[in-house]
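Asker: Dumping the structure here so I can ask a few things about it.
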Amino acid sequence: MTDRQTMALVLIAAPALVGGLLWCLPRRWVAPAAVTGAVITGTLAVTVAATALTDPGHPQAGTWVALDAAGGLLVGVVGVVGMVSVLASPAYLATAGDPAAGHGRRQRTYFAVLYAFWALLLAVPVAGNLGAAWLLVEATTAASALLVGFSGKARALEAGWKYLILTSLGLGIALFGVALVAAGVPGGGLGMLSWGVLSTYGAGPQTALVAYLLLVAGLAAKIGLAPVHNWLPDAHSEAPAPVSAMLSAALLPAVLLVAWRCEQGLAPVIRPGAAQAVLIGFGLVSIAVAVPFLSRPLAWKRLLAYSSLEHMGVITLGIGFATPLAMAGVAIHIVGHAIAKTLGFCAVTPLLAHEPGAAGHPVTGIARTQPALGATVALSLGTLSGLPPSPLFVSELLVISGGFQSGRPWVAATAALLLALAFIGLVRALLEATLGESAGRARRLDPRGTPRLAGLRGLTVLTAAALVLLLILGGASVWLPASDLVQALLKGVG
Amino acid sequence: MAWALVGLGLAALVVRRRSLAVGLVTVQSIVLVGLAVGEGDGADQRIAAAALAARSLALATLFLVLIARTREARPVRAGVGPLRRGGLGVALALALTWLVPSLGLASRDAERAVLALLAFGLVVASTRRATLFQVLGVVLVENGLVLAALHLPATSWLVEVGVAFDLTLVALVAGVFHERIFAEFGAGDTEALRSLRD
C-alpha cells in the first residue's frame with residue numbers, strides 16, 4: 001500500500017473514530033469534540049486532496065483503495081463541506097424545534113450519525129472497486145436517512161421515508177448491474193471488480209450495455225438525476241440545514257463519481273459513444289426538469305434543492321461529453337457548486353431565525369432587513385445562477401463548449417438554451433430574495449434593536465471565505481482546460 | 001429451488017396481511033441460506049452462508065417486533081388489488097426476461113428467477129401503501145440479487161457480508177421510520193405522506 005493510500009485510510013478512520021468517541025464523552029464535551037474533530041478531518045481531507053491533485057498523472061489504484069485526480073477532488077470537496085456542516089451544526093441544534101435538542105441525547109445522536117455519514121462519504125471517492133463503492137453508497141443511505149428525519153416532524157418523516165425507499169430500490173437495481181458486471185469479468189466476483197478490471201468485461205457489448213444501464217439508472221436515483229429525483233427536493237428541504245449541505249454538495253457528486261468510474265470502465269466494451277450518450281441523456285433531462293421549478297417562487301431550501309437537480313445535470317452532461325473543455329467545466333462546477341450550495345444551506349439557520357416564514361415561503365427583500373444575510377444569499381444564489389463572473393458561468397460555458405468539441409452541437413445548443421432559462425429563473429429569485437418587497441417588513445431594522453441571529457457571525461466569516469475561494473476558482477478556470485489535471489480526469493483511475 | 005423462491009415471492013406480492021408476507025419472505029431467505037450452504041464447502045461460502053443466515057434471522061426478528069409494536073385495527077388498504085398486483089408482477093417479470101439478455105449466471109432458470117424476484121419486489125414497493133410492505137419490496141429485490149450472487153463464479157466473502165450488513169442496516173432504519181410514522185399518523189400508511197408537493 002502506498003503512502004497516499006495509507007493517508008486515505010487514515011482520513012476515513014479519523015471521522016469514524018471521532019463519531020465513536022462522541023458516544024462515550026460527557027455531554028458537555030460533545031459539541032467541542034465534534035468541532036475539533038471536524039477541523040482535524042477537514043485538514044486531513046484537504047491534505048489528501050492536495051497530494052492527489054498536485055500529481056494527477058500518477059493515480060494510485062489498489063483493489064480496495066484508489067486515489068486519482070477525480071477522487072482527490074471529491075475528497076477535498078467532501079472534507080471541506082463536511083467540516084463546514086459540523087461547524088454550522090451547533091447553531092442549528094440551538095435553534096431546532098425541540099428546546100432540549102441542543103443539550104440532550106439528541107445532540108450526541110446527531111453528531112455521531114453525522115460523523116458516520118461523513119466517514120462513509122469520504123470513503124466513496126477512494127473506494128478501489130465497484131463492490132466496495134456500492135456498499136459504501138448504500139451505507140450512506142442508512143446514515144443520511146436518519147439525519148433527514150432527525151427533527152421528527154411529520155414532513156421530515158415523509159421526506160426521510162421517500163428518500164430511504166426510493167434510493168434503496170435504486171441501489172438494488174444498481175446492485176443487479178454490479179452482479180451482471182461481476183458475472184462477465186474473467187475470474188471476477190463482487191470483490192474483484194477494481195475499476196481497471198471493468199474494461200476486461202467479456203460477456204459481450206449488449207450485456208455490458210444492460211449492466212451499465214442498470215448501474216447508472218440505479219445510481220441516478222441516489223444522485224437525484226431526473227426522472228428518478230423525486231426524493232431530492234423533499235429530503236433537501238426537510239433535513240437539518242447542515243445535513244442538506246452535505247447531501248447536496250458532497251453526497252450527490254460523490255455518488256456521481258461512482259457512475260463516472262463505471263462509464264470510464266465499461267465504455268470501451270460498449271458500442272462507441274453509447275455509454276456517454278446515457279449520461280448526456282440523464283444530464284439533459286435533469287436540467288430540463290429543473291427549469292420550470294427554478295422559475296417558480298419557492299421556499300429557500302426547495303429552491304436550492306431544485307438547483308441541485310440542475311447542477312447535477314450540468315456535471316453529468318460534462319462527464320458525458322468527455323472532452324478536455326467539458327472536463328475542465330466539470331471540475332470547476334463540482335467545486336463551485338459545493339461552495340455556493342454549502343453557503344446557501346448554512347444561511348438557513350439565521351434566515352429562519354430572522355424570518356420563520358421562510359421555511360414555507362420564498363425569501364423576499366432580505367438585503368433590506370438584514371444586509372449581512374442578504375450578502376450571503378446574494379453570493380450563493382448569484383453563483384448558483386451562473387451570473388458572470390461566477391465560476392459556474394465559466395464552467396457552464398466550458399461544458400457547452402465541450403459539447404460542441406465532442407461533435408454534439410444540437411445537444412450543446414439545447415443545453416445552452418435550458419441553462420439560459422434556468423439562469424433567468426434563478427436571477428429573478430435572486431432579485432426577489434435580496435431586493436424584493438418584503439411584506440410587512442419593508443423598513444430596515446435598526447441593527448441595535450435586531451435580536452442576535454444564531455450563527456450569523458459564523459456565516460459572515462463563511463461568506464468572506466467563500467468569496468475568496470470562488471475568486472481563486474474563477475482564476476484557476478483560465479489555465480485548467482490545458483492542465484494535466486484535466487488529462488488525468490479524462491483518463492480516470494484505470 | 002429457484003422456482004420455489006419465485007412462488008414465495010409471488011405469494012408475498014398478493015397476500016393481504018403483513019405478518020403473512022413477513023413469513024413468506026423469511027422462508028424465502030431461509031431457502032437462500034440453504035442454497036448458499038449447498039454451493040460449496042469453502043471458507044468463503046461458509047462465511048457468506050453465515051452472513052445470509054444472520055441477515056434472515058435479524059430481518060425476521062425486526063419485522064415481527066415491528067408488527068407487535070405497531071398493531072393496526074385493520075390492515076392498510078393496498079393501492080392496487082391482489083389480482084392486479086399479481087398480474088402486474090408477472091407481466092413485469094416476463095417483460096424483463098424478454099428484455100434483459102443472458103446475465104452469464106450458471107443456469108438460465110436462475111436468471112429468470114432473479115428477474116422475477118426483482119419484478120415482484122418493485123411491484124410490491126410501488127403498489128402497497130403500507131410502510132412495512134414497501135420495506136418487504138426492497139427485501140424481495142435484494143433476495144433476487146442474493147440469488148444472482150450465489151450463482152456468480154467467485155465472490156468475496158467480505159462483500160457478501162457487507163451486502164448483508166448494509167441491507168440489515170437499511171431495514172433497521174426503515175423500522176425506525178415505520179415506528180415514528182405509526183406514532184405520528186396512527187398507521188403505517190404512506191397515503192398520509194403526501195404533504196410535500198410543488
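Asker: Of the peptides A:456-467, B:70-81, how do they stack up when ordered by the mean number of other Cβ atoms within 10 Å, highest first?
Answerer: A:456-467, B:70-81
Asker: Taking neighbour counts of Cβ atoms within 10 Å as a proxy for exposure, in what order, fewest first, do A:THR47, A:THR316 appear?
Answerer: The most exposed by this proxy come first: A:THR47, A:THR316.
Asker: Moving on. Within 10 Å of each Cβ in B:107-120, how many Cβ atoms from other chains are there, averaged over the peptide?
Answerer: Mean partner-chain Cβ count within 10 Å for B:107-120: 1.
Asker: For helix B:157-185, what angle does its Cα long axis make with the longest principal axis of chain B, in degrees from 0 to 90 and rounded to 10?
Answerer: 10 degrees
Asker: Note down the nm distance, to one decimal, between modelled labels 7 Å out along Cα→Cβ at A:ARG296 and at A:ARG457.
Answerer: Using points 7 Å along Cα→Cβ, the separation is 4.0 nm.
Asker: Give me Rg over Rh for region A:319-399, both radii from the alpha carbons and Rh done the Kirkwood way, two decimal places.
Answerer: 1.11
Asker: If one takes the longest principal axis of the Cα atoms in chain A, at what angle in degrees, from 0 to 90 and to the nearest 10, does the Cα axis of helix A:27-54 lie?
Answerer: Helix A:27-54 and the main axis of chain A meet at about 40 degrees.
Asker: With springs only between Cα atoms under 10 Å apart, run a GNM on chain B and tell me which of B:ALA43, B:ALA187, B:ALA164 wobbles the most.
Answerer: Maximum among the listed residues: B:ALA43.
Asker: Follow-up question, since we're still on this one. Out of every Cα pair in region A:228-294, what percent are spaced more than 18 Å from each other?
Answerer: Above the 18 Å cut-off, region A:228-294 has 51 percent of its Cα pairs.
Asker: For B:ASP189, list long-range residues whose amide hydrogen, built 1.01 Å from N in the peptide plane, is under 5 Å from its own amide hydrogen.
Answerer: Result for B:ASP189 returns B:THR131.
Asker: Between B:VAL123, B:VAL90, B:VAL176, which gets the highest mean-square fluctuation from a Gaussian network model of chain B, Cα cutoff 10 Å?
Answerer: So, out of B:VAL123, B:VAL90, B:VAL176, the one fluctuating most is B:VAL176.
Asker: When the convex hull of the C-alpha atoms of region A:257-361 is computed, what volume per residue in Å³ does it have?
Answerer: 94 Å³
Asker: What is the sum of charges around B:PHE177, taking Lys and Arg as +1, Asp and Glu as -1, for the other residues whose C-beta is under 11 Å from the C-beta of B:PHE177?
Answerer: Cβ neighbours under 11 Å give a net charge of -1.
Asker: If packing is taken as the average count of other Cβ atoms within 10 Å, what order do A:120-127, A:287-294 fall into, highest mean first?
Answerer: By packing density, highest mean first, the sequence is A:120-127, A:287-294.
Asker: Starting from the Kirkwood Rh over alpha-carbon pairs, what translational D in µm² s⁻¹ does region B:5-109 have by Stokes-Einstein at 10 °C and 1.306 mPa s?
Answerer: It comes out at roughly 99 µm²/s.
Asker: Which number comes out as Rg/Rh for region A:192-237 once both Rg and the Kirkwood Rh are worked out on C-alpha atoms?
Answerer: 1.16
Asker: Please list, in order along region B:98-114, the HN-Hα scalar couplings obtained from phi with the Karplus expression 6.51 cos²θ - 1.76 cosθ + 1.60 (θ = phi - 60°), rounded to whole Hz, x for Gly and Pro.
Answerer: 6, 7, 7, x, 3, 7, x, 7, 4, 10, 5, 4, 4, 4, 5, 5, 4
Asker: Taking the Kirkwood radius as the inverse of the mean 1/r across Cα pairs, report the Rg/Rh of the protein assembly as shown.
Answerer: 0.96
Asker: Magnitude of the Cβ-charge dipole of region B:93-198, K/R +1 and D/E -1, about the Cα centre, nearest 20 debye?
Answerer: So the dipole magnitude of region B:93-198 works out to roughly 240 debye.
Asker: Enter the angle in degrees (range 0 to 90, nearest 10) between the Cα long axis of helix A:205-223 and the first principal axis of the Cα atoms of chain A, meaning the one along which they spread out most.
Answerer: For A:205-223 against chain A, the angle is about 10 degrees.
Asker: Considering only B:PHE120, B:PHE63, B:PHE177, give the residue with the highest GNM mean-square fluctuation for chain B, with springs between Cα atoms whenever their separation is below 10 Å.
Answerer: Highest fluctuation among the options: B:PHE177.
Asker: Would you please give the residues with an amide H less than 5 Å from that of A:ALA66, counting only those at least 5 places away or on a separate chain, with H modeled from the backbone geometry?
Answerer: HN-HN under 5 Å from A:ALA66: A:ALA127, A:GLY128.
Asker: What is the average number of partner chain Cβ atoms found within 10 Å of a Cβ in B:185-198?
Answerer: Averaged over the peptide's residues, the number is 4.
Asker: Could you list A:LEU166, B:LEU94 so that the one with the fewest beta carbons within 10 Å of its beta carbon is first and the one with the most is last?
Answerer: B:LEU94, A:LEU166
Asker: Could you check the spin-label model distance between A:VAL35 and A:THR54? Points 7 Å from the Cα along Cα→Cβ, value in nm.
Answerer: Here the answer is 3.0 nm between the modelled labels.
Asker: Turning to a different aspect of this structure: Using a 7 Å offset from the Cα along the Cα-to-Cβ direction at both A:ARG27 and B:LEU172, what is the distance between the two label points in nm, to one decimal?
Answerer: If labels sit at A:ARG27 and B:LEU172, their model points lie 2.5 nm apart.
Asker: Taking a cut-off of 18 Å between Cα atoms, list the aspartates and glutamates near A:LYS341, but don't count ones fewer than 8 places away on the same chain.
Answerer: Cα-Cα hits under 18 Å: A:ASP234, A:GLU238, A:GLU310, A:GLU396.
Asker: Consider just the alpha-carbon atoms of region A:159-248 and return their Rg together with their Dmax, both in angstrom.
Answerer: Rg and Dmax of region A:159-248, Cα atoms, are 15.7, 46 Å.
Asker: Taking amide hydrogens as modeled 1.01 Å from N in the peptide plane, which residues meet the under 5 Å criterion relative to A:VAL185, leaving out close sequence neighbours?
Answerer: Residues meeting the amide H criterion: A:GLY202.
Asker: Further question on the same structure: At 222 nm, what helix-only mean residue ellipticity would chain A give, in deg cm²/dmol to the nearest 500, using -39500 (n - 2.57) for each DSSP H run of four or more?
Answerer: Helix-only estimate at 222 nm: -24500 deg cm²/dmol.
Asker: Counting only other chains, what is the mean number of Cβ atoms within 10 angstrom of the Cβ of each residue in peptide B:133-144?
Answerer: Going residue by residue through B:133-144 and averaging, the value is 3.
Asker: Could you tell me the extents of region A:1-129's C-alpha atoms along the three principal axes, largest first, rounded to whole Å?
Answerer: Extents along the principal axes, in whole Å: 52, 22, 21.
Asker: Taking 1 over the mean of 1/r across every pair of different Cα atoms in region B:67-142, what Kirkwood radius in Å do you get?
Answerer: 13.5 Å
Read-outs throughout are calculated quantities, based only on the coordinates presented, and are distinct from any laboratory measurement. Remember, it's a predicted structure, so these values are computed and weren't measured experimentally. Here Cβ is always computed from backbone atoms with ideal geometry, including for glycine, and neighbour counts include all displayed protein chains.
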